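A short write-up of the structure that comes next.
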């Protein structure tokens, strides 16, 4: 698909918002300068005629100002603040502005899908840079480099400039002034200067960041040197640790030999004490005999106590058997309850499986429905793009209702058909 390279395409206009605003602002300034030049020439040539008609024109302008409702709420004192101009100058400027309005109408007709309509009561007003860039943004609706958002911006800019030029044309026709355009240009220039100052502040911040990066780099190099020094110290400590390890090995060998000599000394000492302990053993045997006699007496005592404890154990066993029987009865009742609960659980599982199958079928139906809806939306989007492309081709090639030779009833019929088709 090829486009006419002599004129910018719609995509170029959307992607170059800054160029578009600069072009339109330059066109407004050119119109303003041209009107001032023509005004100066017409005033110098027709100074006598303007002096004669000044009284009547002032009376008419004041009466129109009081009866009409201007967008700028012009007062009677403001009408006489600017010198009156001739009808020739007014007609010339009005014709130039009409050409601009016709060009903007063509751009609006290309982007009708995103056009929100003209609002004569909403002119461009000054907005501080804090309100423009420091407010909350709806990121769900706004995306950077989005085609739809670019089309919306284009439609807003076209409507704003169209309203300004239309109001300027009306103001020139009625009062011979162009305060609307002058105020709009001053507001645009003021906001542009604020953005330039913001960018200058950003460059200063970048220089500060560069200085901070330089300091960070110097600190990094200093840290590297500190790390190198630490590595050398670690190496020295490693050598010291190896020396300590070798010294410890020597100490271990020394303590092993010292332990062997100590054992030999203890053995000799034990042999010397053996005879003394033999005498102690003989005396101890006598004591053991006495202890055996005591042990026999204790055994008889333990037998008696054992019989008593066996009787008590028998009683407790009987009690245990009775409790076991009672617990078994309870277990039987619990088993019957468990079987009932198990049956109910099976029924609930079957019911859950049936409902799960129904839910899966519903989810599958929902997924197929969403896929069909997405396909339908993609087809509508593709048809809209093809329609916009074909309309652009008709405008550039001046075909159908866009032909300058065919105006009037044919164009009105075509516009009605377009509105019906869009509805």
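Bear in mind these aren't lab numbers, they're just calculated from the coordinates by the rules spelled out. Since the structure is predicted, the reported quantities are computational estimates derived from the model, not experimental observations.
A few remarks follow.
- Of interest is the spacing of the C-alpha centroids, which for region 355-380 and region 243-289 amounts to 92 Å.
- If you model region 247-286 as an ellipsoid using its alpha carbon gyration tensor, with each semi-axis the square root of five times an eigenvalue, the axes come out at 38, 9, 4 Å, biggest first.
- For residue 373 and residue 214, the difference between the fully extended length at 0.36 nm per residue and the C-alpha to C-alpha distance is 51.6 nm.
- Cα Rg, Dmax, region 138-252, angstrom units: 35.0, 116
- Alpha-carbon centroids, region 150-204 and region 383-403: separation in whole Å: 30 Å
- Convex hull volume of region 297-379 per residue (C-alpha atoms, cubic angstrom): 138 Å³
- Region 199-290 shape via C-alpha gyration tensor axes, a/c threshold 1.5: oblate
- Dividing the alpha-carbon radius of gyration of region 247-332 by the rule-of-thumb value 2.2 N^0.38 Å gives 2.57.
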